[in-house]
Amino acid sequence: MPVHVELFGIPRQRAGLKELDVEANNLRSLFVELGRAIPQLVGVCLEDDGQLKPGYLANLNGRAFVTDTETRLDDGDSILILSADAGG
Amino acid sequence: MPTAPPGYHGRYLRVDLSARSAAVVSIPADVLRRYIGGSGLGTWILLQETADGIDPLSAAAPVLFVFSPLVGSPLTTSAKFAVMGKSPLTERINDSLSSSHFAIAGKKTGYDALLIVGAAEEPTCLVIEPHGASFESAEEAWGKSSRDAASILADRLGKGFRFAAIGPAGENLVRYATVSHDGRHAGRGGMGAVLGSKKLKAVAVRGDRATPYHDLDGLLALSKSLSQKSFGPATAKYRELGTAGNLLAFNRLAVLPTRNFQTSSFDGAAALAPEAMTLTHERTRASCAACTIGCEHIYHRHDNASGVRMEYENLFALGPLCGIDDPEAVLTASALCDELGMDTISAGGTIAFAMECAERGYLDVPTLRFGSGEAVLETLEQIGARRDVGDLLADGSRIAAERIGHDTADFAPHVKGLELPGYEPRALQAMALGFAVGTRGADHNRSGAYEVDFSAEFDRLNAGAEVVEPAIETEDRAVLLDSLILCKFLRGVLVNYHAELAEMLNLVTGFGVTADELRVASRRIVTAKKWYNMKQGWTPSEDVLPARFLAQPLPQDAGPSGGAVLTRERLNELVAAYNLARGWDREGWVPAEQLRELGIE
């Protein structure tokens with residue numbers, strides 16, 4: 001099912017785009033598919049085994065931050081990927 | 001005089017501007033070990049030197065420039081110092097930290113701190129060199145920006161001096177005036193007004209007194225490794241986008257304070273973000289002295305070759321908070337704050353508050369409307385000169401609300417008088433706690449509790465007692481960096497936080513401190529700051545947020561934070577849990593027994 005991915009900060013810089021849709025039913029499959037769609041994110045914010053790299057966060061629909069890669073995703077969900085360091 | 005530990009001079013210089021005299025004061029070695037430097041050492045000195053209940057703008061009030069054991073070392077980001085005293089904005093302890101060659105030159109004068117009391121009769125530049133203090137006229141620099149003042153005084157004094165100076169806002173006792181140096185600012189809490197009250201336009205430092213290192217080879221090796229790590233992915237955001245890189249993510253999460261905290265997302269955010277501004281404006285990058293991270297992003301206005309440092313905080317405060325979506329207006333307003341010598345957060349927060357007052361009919365200034373860049377610029381000029389409505393707003397939103405009356409105190413955006421930075425507390429509720437209990441008021445550099453909110457372990461919209469310990473941990477970690485002093489952007493680089501910082505301190509000083517000793521030092525310094533505030537009149541009723549945040553939910557249309565509620569009861573419970581976790585009583589009074597245990601008095 002299509003899940004909307006929104007990129008912020010360095011992931012957006014490296015990807016050269018701010019959003020895309022990927023087919024995924026949980027967080028792990030989303031990270032894998034995202035790495036396939038945008039290989040330049042692997043090694044930046046994505047590990048090559050379906051995990052986020054330290055220093056980055058995933059957020060579900062703008063509300064909860066999520067780390068459990070088994071987190072179920074539904075059609076129409078949005079995953080935001082952003083830097084964990086929010087200091088200004 | 002006893003030998004000081006490596007990294008220290010073991011003394012501070014106490015200057016009396018009224019008597020035009022100076023005296024050297026020894027600092028016991030055990031004090032240096034227990035309070036380290038920067039904010040910690042400064043708090044200890046202020047406790048010795050400040051009368052209870054003192055007027056911060058009186059001649060007797062001390063202002064303090066504090067260095068640290070790491071200043072001048074090859075450790076990246078260590079060229080820092082703290083400007084401290086009782087804030088005229090909050091009437092509580094204030095420590096404004098900044099970075100520049102002033103820190104390195106200041107420490108080379110041969111003192112770990114410069115304490116200034118008294119007041120000059122005429123505009124003065126205080127000159128500090130290893131042999132002591134001298135007093136130069138600053139008449140021709142009075143009325144000038146800090147940059148122009150430093151240039152005038154440098155021409156007169158000769159080579160090798162570094163200057164910290166105030167602009168017109170400091171001279172006019174704007175309660176959020178900065179102390180500026182090399183284009184950078186000790187920004188928060190109005191220490192510039194304290195200098196202004198003393199007719200102290202500038203402090204010039206020059207010296208050749210280096211301090212030895214306990215283990216130079218080890219320090220060089222560690223410094224090289226730290227610098228290499230500081231180039232890595234943990235700091236890429238700061239290098240490539242700067243702190244302004246927060247803007248779009250904060251807006252998407254709806255935690256971006258907008259129109260005086262009436263909502264938390266801003267339609268015009270995209271135009272202000274660095275991702276867009278790099279396409280519309282020439283940008284250059286820069287670093288603080290002795291820094292390898294290089295987070296500074298300087299944007300050049302279309303009509304002016306001079307650049308403006310753009311950080312998330314000045315962007316938020318002079319942009320969305322005032323309803324401004326024009327990048328040129330925000331850049332010009334930031335440049336004007338630099339020129340006048342004013343804290344951008346408090347300036348933006350106070351103007352946004354005034355805009356809401358005017359729109360509600362409580363302030364008769366028809367031009368003050370959200371979204372008007374012209375109004376922001378005109379009001380900044382008026383504040384810097386204390387002219388027209390600027391005289392009212394120069395005292396900050398808390399005092400302005402007291403004078404305007406009606407229900408305006410409910411939406412004056414401050415804690416203890418210090419205007420909130422760019423984190424919406426109803427949608428970042430661990431940060432709300434950090435703001436409420438902060439000893440210098442609402443501040444994102446003293447509490448990093450937003451890290452707790454930006455975590456999968458906690459619910460940023462519904463914080464409970466579980467956030468208290470991690471929020472305290474961020475505060476303790478921050479005060480340690482502020483005492484060593486190192487930049488907080490190194491946080492992501494450190495894996496074993498306390499152990500690595502202990503190693504740095506030990507290589508410089510030879511103290512042999514452990515990670516646990518540094519944890520205790522953090523608690524000691526936080527508690528000492530609280531003790532200072534208690535001696536200056538703190539009461540538990542100060543540890544709260546304005547009524548807006550506790551009575552009004554965020555609007556339902558505020559994106560994913562829509563409808564967020566933080567009740568007064570919940571915040572009170574969080575504050576009580578915080579106080580108890582610190583070993584204080586439920587209201588926040590520090591027991592005498594703890595003061596003794598920590599060696600505070």
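Only the coordinates and a few stated rules stand behind these numbers; no lab work does. In this text the structure is predicted, and so the values were computed from the model without any measurement. As a convention, Cβ positions derive from the backbone with ideal geometry for all residues, glycine included, and neighbour counts pool all protein chains shown.
Table for the structure above
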{"read-out": "Loop-resident sites, the stretch A:1-87, for GluC sites (Glu not before Pro), counting at most 10 other Cβ within 10 Å (DSSP)", "value": "A:Glu70"}
{"read-out": "Two-decimal Rg/Rh across the stretch B:231-419, once Rg and the Kirkwood Rh are taken from alpha-carbon atoms", "value": "0.98"}
{"read-out": "Over 18 Å between alpha carbons, listed pairs B:Lys80/B:Lys108; A:Lys18/B:Lys229; B:Lys80/B:Lys159; B:Lys108/B:Lys198; B:Lys80/B:Lys199; B:Lys416/B:Lys530", "value": "A:Lys18/B:Lys229; B:Lys80/B:Lys159; B:Lys108/B:Lys198; B:Lys80/B:Lys199"}
{"read-out": "Highest-first arrangement of B:7-13, A:40-46, where packing means the average Cβ count within 10 Å", "value": "B:7-13, A:40-46"}
{"read-out": "Per-residue HN-Hα couplings for the stretch B:229-236 [Karplus 6.51, -1.76, 1.60; θ = phi - 60°; Hz; x = Gly/Pro]", "value": "5, 5, 7, x, x, 5, 10, 4"}
{"read-out": "In nm, spacing of pseudo-spin labels at B:Gln228 and B:His131 (7 Å Cα→C-beta vector)", "value": "4.6 nm"}
{"read-out": "Distribution of pairwise C-alpha distances over chain A, 10 Å bins, in %", "value": "19, 61, 20, 1"}
{"read-out": "Among B:Ser96, B:Ala138, B:Pro421 - extreme Cα towards positive end, dipole of chain B, charges at beta-carbon", "value": "B:Ala138"}
{"read-out": "Of the GluC sites (Glu not before Pro) in the stretch B:103-174, those whose Cβ has at most 15 other Cβ within 10 Å and which sit in DSSP loop", "value": "B:Glu121"}
{"read-out": "Loop-located chymotrypsin sites (Phe, Trp or Tyr not before Pro) in the stretch B:141-234 whose Cβ has at most 15 other Cβ within 10 Å (DSSP)", "value": "B:Phe231"}
{"read-out": "Fewest-first ranking of B:Tyr362, B:Tyr578, using other Cβ atoms within 10 Å as the exposure measure", "value": "B:Tyr362, B:Tyr578"}
{"read-out": "Whole-Hz couplings from phi, Karplus 6.51/-1.76/1.60, listed for the stretch B:561-577; x for Gly and Pro", "value": "9, x, x, 4, 10, 10, 7, 4, 5, 5, 4, 4, 5, 5, 5, 4, 5"}
{"read-out": "Percent RCO, i.e. relative contact order, over the stretch B:429-597, from Cα pairs under 8 Å lying at least 6 residues apart", "value": "22 percent"}
{"read-out": "Cβ-based net charge around B:Phe454, under 11 Å, with every Lys or Arg adding one and every Asp or Glu removing one", "value": "-3"}
{"read-out": "Fraction in percent of alpha-carbon pairs per bin - 20 Å, the protein assembly as shown", "value": "19, 55, 25, 1"}
{"read-out": "Charge tally in the Cβ shell below 9 Å around B:Ala61, where Lys, Arg are +1 and Asp, Glu are -1, B:Ala61 excluded", "value": "+1"}
{"read-out": "Euclidean distance between Cα centres, the stretch B:537-601 to the stretch B:292-308, Å", "value": "38 Å"}
{"read-out": "For chain B, alpha-carbon Rg relative to the globular expectation (2.2 N^0.38 Å, N residues)", "value": "0.89"}
{"read-out": "Local electrostatic count at B:Glu569 - Lys and Arg +1, Asp and Glu -1, tallied over other residues with Cβ under 15 Å", "value": "+2"}
{"read-out": "Rounded if a/c under 1.5, otherwise prolate or oblate - the stretch B:429-597, Cα gyration tensor axes", "value": "oblate"}
{"read-out": "Rounded to 5, percent antiparallel among DSSP beta bridges of the stretch A:2-83", "value": "75 percent"}
{"read-out": "Charge dipole magnitude, Cβ of K and R +1, D and E -1 - the stretch B:317-469, Cα centre, debye nearest 20", "value": "400 debye"}
{"read-out": "Using a Förster distance of 56 Å, the FRET efficiency for B:Val495-B:Arg156 (Cβ separation, nearest 0.05)", "value": "0.70"}
{"read-out": "Sequence-separation-based contact order of chain B, relative, with Cα cut under 8 Å and 6+ spacing, percent", "value": "15 percent"}
{"read-out": "The stretch B:11-205: relative contact order as a whole-number percent, Cα under 8 Å and 6+ apart", "value": "22 percent"}
{"read-out": "Positive-end residue, the stretch B:494-540 charge dipole about Cα centroid, Cβ charges, pick of B:Asn506, B:Val520, B:Trp531", "value": "B:Trp531"}
{"read-out": "Descending semi-axes in whole angstrom, ellipsoid equivalent of the stretch B:11-205, from the Cα gyration tensor", "value": "22, 19, 16"}
{"read-out": "Isolated Cys residues of the protein assembly as shown, judged by Cβ distance under 4.7 Å to other cysteines", "value": "A:Cys45, B:Cys125, B:Cys295, B:Cys322, B:Cys337, B:Cys357, B:Cys487"}
